[in-house]
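> Quick one: structure below, then a few questions.
Derivation of every value follows stated rules applied to the coordinates shown; laboratory data play no part. Small disclaimer: the values here were computed from a predicted structure and weren't measured. Glycine also receives a Cβ, built like all others from the backbone with ideal geometry; neighbour counts cover every protein chain displayed.
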Amino acid sequence: MNQQRLSRVTAYMKQEGLEQIIVSSTASVYYLTGCWVEPHERMLALYLDASGKAVLFANAIFGLSDTPELPLVCHTDSDNPVEALAKAIKPGKLGIDKFWFSKFLIGLMGLRGDIVPVPGSAPVDLARKRKDADEQERMRASSRVNDLVVGSVIGMIRDGITENELAGQVNKLFLQNGADCEGTQLVCFGANCADPHHNAGNTVLKPGDSVIFDIFTPIGRYWCDMTRTVFYQTVSEKQREVYELVKRANETAISRIKPGMLLFEIDQTAREIIAQGGYGPYFTHRLGHGIGLDCHEPPDVSSASNTPLEAGMVFSVEPGIYLPGEFGVRIEDLVLVTEDGCEVLNRYSKDLQVVG
């Protein structure tokens with residue numbers, strides 16, 4: 001167990017009025033224990049109580065080991081996976097991880113009619129929201145790789161290439177530079193750029209296309225995520241106008257980031273710039289999302305978020321304008337909130353580029 005992180009979680013448990021919780025998210029279990037397990041359909045459940053007691057319930061197939069500070073209770077595929085857990089929990093409220101399968105919760109409730117399941121993800125989410133020094137350095141390292149990869153793949157743009165081919169090159173470059181796995185990279189040409197989450201396909205690049213690279217992957221368990229938009233061979237005045245507006249929204253929002261600001265104010269800053277430029281209806285998503293052990297995690301950077309910024313938070317700032325049937329532009333950076341502002345983790349240029 002990481003005792004410092006466990007102490008933060010138990011403090012948040014008390015704040016949330018929770019005496020006991022079950023943590024099942026792979027990333028959250030890793031955050032607290034250093035054990036990375038992908039359980040798939042099997043059960044992985046870390047039981048915590050507010051005193052700091054921790055017990056890990058897991059399938060024997062995971063190959064985990066018992067330690068003095070983290071007892072391990074194993075079951076097999078032929079056992080009822082929640083039977084031992086049912087004997088360990090206390091009556092009353094039990095916080096449940098939002099990722100725990102309902103089949104396990106229903107089974108537990110069948111054995112323990114005296115528990116009251118309630119949402120229980122907040123204590124770990126709140127602790128994970130502020131990255132410690134080790135996490136911050138891991139995220140800097142991931143973003144350095146992302147800078148290298150995006151620069152390399154922009155240099156591969158050429159006549160006749162397809163979105164799929166460039167997306168494949170992104171994955172290849174990530175793996176060559178230490179990525180944990182391949183991912184679904186967002187590479188879009190031309191009118192496809194007007195779909196914020198367009199999946200790369202067999203569209204062939206043509207002169208005048210905008211090209212969006214939204215590329216992301218875990219490296220040493222911690223995610224990088226960055227978006228850059230470039231133009232192939234030519235750029236129209238409208239494309240230039242939209243690009244510079246998105247860039248100004250990105251940079252102005254980043255310039256306002258400091259502890260104490262509310263997240264909706266950061267979203268509002270970028271949104272107002274785009275609206276004043278006449279493209280308000282075409283900025284169709286939130287400004288950003290938290291990132292760390294998961295690509296998308298708290299905090300939410302949107303008009304609905306009243307969360308105050310705290311040093312150690314890491315999130316994306318990614319305004320965009322999407323014009324159906326024409327083109328789109330998005331520029332995304334990851335930022336780390338510092339004691340007096342923020343550190344931008346991505347260093348690759350945001351100046352308008354015409355390539356090829």
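> With n ≥ 4 as the cut-off for DSSP H runs, can you work out [θ] at 222 nm for the chain, using -39500 (n - 2.57) per run divided by the number of residues, rounded to the nearest 500?
On the way: 9 runs with 115 residues, N = 356.
So the calculated ellipticity at 222 nm is -10000 deg cm²/dmol.
> Using the Karplus curve 6.51 cos²θ - 1.76 cosθ + 1.60 with θ = phi - 60°, what ³J(HN,Hα) values do you get for each residue of the range 224-235, in whole Hz, with x for Gly and Pro?
Values, residue by residue: 10, 6, 8, 10, 10, 10, 10, 10, 9, 6, 9, 9 Hz.
> Which of the peptides 266-277, 20-31, 232-243 is most tightly packed, and how do the rest follow, going by the mean number of other Cβ atoms within 10 Å of each residue? Don't jump to the answer; show the numbers that get you there.
Values: 266-277: 19.2, 20-31: 21.6, 232-243: 16.3.
Descending packing order for the listed peptides: 20-31, 266-277, 232-243.
> When you have a sec, figure out the Kirkwood radius of the range 119-173 from all distinct Cα pair distances and drop it here in Å to one decimal? Present the calculation step by step, with values, prior to reporting the outcome.
Working: mean 1/r = 0.0715 Å⁻¹.
Over the range 119-173, the inverse of the mean reciprocal pair distance is 14.0 Å.
> Using only the alpha carbon atoms of the range 263-303, find the Kirkwood hydrodynamic radius as the inverse mean reciprocal pair distance, in angstroms to one decimal.
Details: mean 1/r = 0.0926 Å⁻¹.
It is 10.8 Å.
> May I ask you to compute the full-extension gain from Val204 to Ser349, defined as 0.36 nm times their residue separation minus their alpha-carbon distance, rounded to one decimal in nm?
On the way: separation 145, 0.36 × 145 = 52.20 nm, distance 2.53 nm.
That pair, Val204 and Ser349, stretches by 49.7 nm at full extension.
> Right, here's the next one. Expressed as a fraction of 2.2 N^0.38 Å, the rule-of-thumb size for a compact globular protein of N residues, what is the C-alpha radius of gyration of the range 243-356? Mind showing how you got there, number by number?
Values: Rg = 13.8 Å, N = 114, 2.2 N^0.38 = 13.3 Å.
In units of the 2.2 N^0.38 Å rule of thumb, it is 1.04.
> Using only Cα atoms, what is the ratio of the radius of gyration of the range 28-109 to 2.2 N^0.38 Å? All intermediate terms of the calculation are to be shown ahead of the outcome.
Numbers: Rg = 12.1 Å, N = 82, 2.2 N^0.38 = 11.7 Å.
So the range 28-109 has a normalised radius of gyration of 1.03.
> Please pull out the direction-averaged projected area of the range 172-325, using the convex hull of its alpha-carbon atoms, in nm² to one decimal place.
Details: hull surface 38.9 nm².
Dividing the Cα hull surface by four gives the mean projection, 9.7 nm².
> Quick check on my link table: of Lys129/Lys172; Lys14/Lys90; Lys98/Lys129; Lys93/Lys129, which ones sit more than 20 Å apart, alpha carbon to alpha carbon? Mind showing how you got there, number by number?
Details: Lys129/Lys172 30 Å; Lys14/Lys90 16 Å; Lys98/Lys129 16 Å; Lys93/Lys129 24 Å.
Pairs exceeding the cut-off: Lys129/Lys172; Lys93/Lys129.
> Dividing the Cα radius of gyration by the Kirkwood radius, what Rg/Rh value follows for the range 195-269?
Details: Rg = 15.9 Å, Rh = 15.2 Å.
In the range 195-269, Rg relative to Rh is 1.05.
> Here is a follow-up. Along the Cα-to-C-beta direction of Glu241, a point sits 7 Å from the Cα; which residues of the range 311-334 have their amide N less than 16 Å from that point?
It comes to 321-324, 326-329, nothing else.
> Related question: Straight-line reach from Lys247: which lysines fall under 25 Å, measuring Cα to Cα and dropping same-chain residues less than 8 apart?
Output for Lys247: Lys206, Lys238, Lys258, Lys350.
> I would also like to ask the following. How high is the FRET efficiency between Glu19 and Phe101 when r is their beta carbon distance and R₀ equals 30 Å, given to the nearest 0.05?
Numbers: r = 23 Å, r/R0 = 0.77.
Rounded to the nearest 0.05, the efficiency is 0.85.
> Considering the alpha-carbon set of the range 117-251 alone, what are its Rg and its Dmax in angstrom?
Answer for the range 117-251, Rg first and Dmax second: 17.3, 58 Å.
> Mean shadow of the range 1-148, computed from the convex hull of its alpha carbons, in nm²? Could the numbers behind the result be given before it?
On the way: hull surface 37.8 nm².
That works out to 9.4 nm².
> Let me ask another. Take the Cβ-Cβ distance between Leu262 and Asn2 as r, set R0 to 35 Å, and report the resulting FRET efficiency rounded to the nearest 0.05. Intermediate results must be reported in sequence, preceding the final value.
On the way: r = 30 Å, r/R0 = 0.85.
Calculated transfer efficiency: 0.75.
> Could you check which residue among Gly63, Gly320, Gly168 shows the biggest mean-square fluctuation in a GNM of the chain with a 10 Å Cα cutoff?
Among Gly63, Gly320, Gly168, the largest GNM mean-square fluctuation belongs to Gly63.
> Over all alpha-carbon pairs of the chain, lay out the pair-distance distribution in 20 Å bins, whole %, shortest bin first.
P(r) over the chain, rounded to whole percents: 28, 49, 22, 1.
> Another question, if that's okay. Mind checking which of Leu293, Leu148, Leu345 has the largest fluctuation in a GNM of the chain, springs on alpha carbons under 10 Å?
Leu148
> Still on this structure, I have one more. How far, in nm, would the chain grow between Arg158 and Thr338 when pulled straight, counting 0.36 nm per residue and subtracting the alpha carbon separation?
Values: separation 180, 0.36 × 180 = 64.80 nm, distance 4.00 nm.
In short, 60.8 nm is gained.
> Right, next: In Å, what is the Rg of the alpha-carbon atoms in the range 155-214, and how long is Dmax?
11.5, 35
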